[in-house]
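Student: Once you've had a glance at the structure underneath, I'll fire off some questions.
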Amino acid sequence: MKVGIVGLGLIGGSLGLDLRSQGITVLGVSRRPSTCQIAQHRGVVDEASMELASLKTADVIFICTPLTAIAPTVEQLIPFLSPHTILTDVGSVKQSIAAACSSLWPNFVGGHPMAGTAEQGIDAAQHQLFAGAPYVLTPLPTTPTEALQPVEHLARSLGSKIYTCSPEIHDRAVALISHLPLLVSAGLIETCLGESDLKVLQLAKQLASSGFRDTSRVGGGNPELGVAIARYNREQVLRSLYHYRQTLERLIEQIEEEQWEELEQILQSTQSARPDFLQDEAVE
Ligand SMILES: NC(=O)c1ccc[n+]([C@@H]2O[C@H](COP(=O)([O-])OP(=O)(O)OC[C@H]3O[C@@H](n4cnc5c(N)ncnc54)[C@H](OP(=O)(O)O)[C@@H]3O)[C@@H](O)[C@H]2O)c1
């Protein structure tokens, strides 16, 4: 099997490393010549090019560009595809992308490997990034099984855990556990930066330790990706943020009114619920 990858950054590059280590031939396309050179030098791809035409012999093509470029890339690829070529993407948002890409190319399978780091670009690509992580596939009722199966097989070969659901359910679920934490975490850092007493701010920076590291981590990642997520999953992101605002207001009220028992009840229920969200990890 020959696999094509468009967009040789953190996700596309890491995918190339793992697929090549299984003996699969990987053809890569990226925008900049320097990315293509590094990709070839690091063994991320067998061949790299800036031309989409170079992917015409690929059986499955992963589109790993930023969200804004996914549907335009599908459109530009079409002249070079055989009717059997399977396209899939790795975008963090699925509903708008799956609808647009499936109407352009019926053999399209939406996908989202839920692994990442705070780094970006080809230099951040790493082996085994997806091992043990969820990989969500979001076929539409019209997606052919012959397109879904090879993508599922490749995703499984990365050591990922496969989940299949509709794009809508995916976007609602990741808004809660990925997109909301990103914005809350960014809001946490922003709130700290709003401290006007420079001595306090300086000491806070010096004292910040593992608790702050855990709660702020996802707010310190790729800003372009954060904006794209808010833009492409706007409705579900807003839904979860409004809900979060209500929760914050309830917590503020309980503290203002000194309702310590009610506050403790909430903290007890969050303490017992947290492990359900981290079933496969050691919960501290
Ligand atoms: N980062 C995460 O945690 C994460 C997790 C899961 C899914 N995703 C999804 O994965 C996708 C890529 O994210 P990433 O984190 O890998 O970003 P990234 O590290 O910035 O990589 C994207 C790469 O795409 C290339 N590119 C940009 N526009 C292009 C175009 N029009 N045609 C071809 N190549 C283009 C860029 O390479 P050049 O240097 O050549 O311009 C860039 O290195 C996004 O859709 C994102 O939603 C990200």
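Student: Any idea which of 16, 12 is within 9 Å of the ligand (Cβ to nearest atom), modelled with pLDDT of 95 or more and closer than 15 Å to residue 127 by Cα?
Tutor: From the options 16, 12, the qualifying one is 12.
Student: Scan (1) farther than 25 Å from residue 232 by Cα; (2) out of contact with any Cys (no Cβ under 7 Å at 6 or more places or on another chain); (3) small (Gly, Ala, Ser); (4) not in a helix (DSSP H, G or I) for the single condition residue 48 breaks and write down its number.
Tutor: So residue 48 meets the others, but not (2).
Student: Within segment 133-149, which residues are more than 18 Å from residue 101 (Cα to Cα) and buried (at least 17 other Cβ atoms within 10 Å of the Cβ)?
Tutor: Selection gives 135 alone.
Student: For segment 70-125, give me the residue count where each residue is assigned to a loop (DSSP other than H, G, I, E, B) and either under 16 Å from residue 165 (Cβ atoms) or within 15 Å of the ligand (Cβ to nearest atom) (or both).
Tutor: 15
Student: State which residue is nearest to residue 227 (Cα to Cα) when the search covers only segment 51-83 and only residues that are among the small types (Gly, Ala, Ser) and surrounded by 16 or more Cβ atoms within 10 Å (Cβ to Cβ).
Tutor: Ranking the candidates gives 69 first.
Student: Among 86, 61, 97, which is the only one that is of a type in the set (A, V, I, L, M) and under 21 Å from residue 237 (Cα atoms)?
Tutor: Testing whether each residue is of a type in the set (A, V, I, L, M) and under 21 Å from residue 237 (Cα atoms) leaves just 97.
Student: With respect to residue 48, determine if the residue is touching a residue at least 24 places away in the same chain (Cβ under 8 Å), crowded, with 16+ Cβ neighbours inside 10 Å and closer than 20 Å to residue 154 by Cα. Quick ask: steps written out before the conclusion?
Tutor: Values: touching a residue at least 24 places away in the same chain (Cβ under 8 Å): yes; crowded, with 16+ Cβ neighbours inside 10 Å: yes; closer than 20 Å to residue 154 by Cα: no.
The answer is no for residue 48.
Student: Now, a different point. If you scan segment 126-135, which residues turn out to be touching a Gly at 6+ places or on another chain (Cβ under 7 Å) and either near the ligand (Cβ under 6 Å from one of its atoms) or in a strand (DSSP E or B) (or both)?
Tutor: Within segment 126-135, just 135 meets the criteria.
Student: Within the bounds of segment 176-194, is there any residue that is exposed (fewer than 15 other Cβ atoms within 10 Å of the Cβ), within 23 Å of residue 113 (Cβ to Cβ) and out of contact with any strand residue (DSSP E or B) (no Cβ under 6 Å at 6 or more places or on another chain)?
Tutor: Checked segment 176-194: at least one residue is exposed (fewer than 15 other Cβ atoms within 10 Å of the Cβ), within 23 Å of residue 113 (Cβ to Cβ) and out of contact with any strand residue (DSSP E or B) (no Cβ under 6 Å at 6 or more places or on another chain).
Residues are listed down the side, and each one gets a yes or a no for (1) more than 19 Å from residue 279 (Cα to Cα); (2) out of contact with any Pro (no Cβ under 8 Å at 6 or more places or on another chain); (3) hydroxyl-bearing (Ser, Thr, Tyr); (4) in contact (Cβ under 8 Å) with a residue 24 or more places away in the chain:
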residue: 131; (1), (2), (3), (4): no, yes, no, yes
residue: 139; (1), (2), (3), (4): yes, yes, no, yes
residue: 149; (1), (2), (3), (4): yes, yes, no, no
residue: 153; (1), (2), (3), (4): yes, yes, no, no
residue: 159; (1), (2), (3), (4): no, yes, no, yes
residue: 163; (1), (2), (3), (4): no, no, yes, yes
residue: 174; (1), (2), (3), (4): no, yes, no, yes
residue: 179; (1), (2), (3), (4): yes, yes, no, yes
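Student: I want to confirm something. Restricting to segment 12-41 and keeping residues that are under 21 Å from residue 154 (Cα atoms) and among the aliphatic types (A, V, I, L, M), which single residue is surrounded by the most Cβ atoms within 10 Å (Cβ to Cβ)?
Tutor: By that ranking, first place goes to 29.
Student: Can you tell me which condition residue 138 does not meet? The list is (1) under 28 Å from residue 33 (Cα atoms); (2) more than 12 Å from the ligand (Cβ to nearest atom); (3) not aromatic (Phe, Trp, Tyr), and all the others hold.
Tutor: Of the numbered conditions (1) under 28 Å from residue 33 (Cα atoms); (2) more than 12 Å from the ligand (Cβ to nearest atom); (3) not aromatic (Phe, Trp, Tyr), the odd one out for residue 138 is (1).
The values are calculated or read from the model by the stated rules, or taken from the named source; none is laboratory data. Worth saying up front: this structure is predicted, and the values here are computed from it rather than measured. Counting neighbours? That spans all protein chains shown, and the Cβs are built from the backbone with ideal geometry, glycine included.
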